[in-house]
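Reviewing the structure listed below.
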Amino acid sequence: MSTHTDAAQALHRSRAMEDAVRKRSGWYGRYLLVFAATQLALVPTILLWRSPLVVAVSMTLYALVVAGLSVYAARQRAVRRSFGLRHGLVIGTWGALYAAALVLGLNVWADSVPFAVVAALGCALPPAAGAWLETRSPTT
């Protein structure tokens, strides 16, 4: 076989693999949507109902969601190029917003329903935006 034929075959295999990964990587968008939805319930619960029982129950339920998402993610066979960077940016941004929401919501705007709503939406924004971008990006 010629070098040209070998290169063409390698390119074909590469494109086929990339297409397969693209088709199988839609799981990440679903993962992020579930994560975003949990923020809409978790953040107001923590900011508005601070009894020890409510905090214990909500954190237990949240831990179960995170564990379920982790198992789901670990079982996936395909991730897109730059997955680590994307996931790091989404989770890092969420973490910064979540920390700010807790600090401000527990110390500055305690028991403020409007702040709890804004904080929940703000914490849900990074994973929701990540999910939207994941469904829109055809090649990365």
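The values are calculated or read from the model by the stated rules, or taken from the named source; none is laboratory data. Quantities reported herein were computed from a predicted structural model and do not represent experimental measurements. Note: areas computed on protein heavy atoms with side chains; ligands, DNA, RNA excluded. Shrake-Rupley method; radii C 1.70, N 1.55, O 1.52, S 1.80 Å.
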For segment 53-102, dividing by residue count, accessible area per residue (probe 1.4 Å) in Å² works out to 63 Å²
Taking θ = phi - 60°, what integer Hz values does the Karplus form 6.51 cos²θ - 1.76 cosθ + 1.60 yield along segment 91-101, in sequence order, with x for Gly and Pro? 5, x, 5, 4, x, 5, 5, 5, 4, 4, 4
Derived scalar couplings ³J(HN,Hα) [segment 30-43; Karplus, 6.51 cos²θ - 1.76 cosθ + 1.60; whole Hz; x for Gly, Pro]: 5, 4, 5, 5, 5, 4, 5, 4, 5, 5, 5, 9, 5, 4
Report in % the part of the accessible area of the chain that belongs to carbon and sulfur, leaving out ligands and nucleic acids; probe 1.4 Å. 70 percent
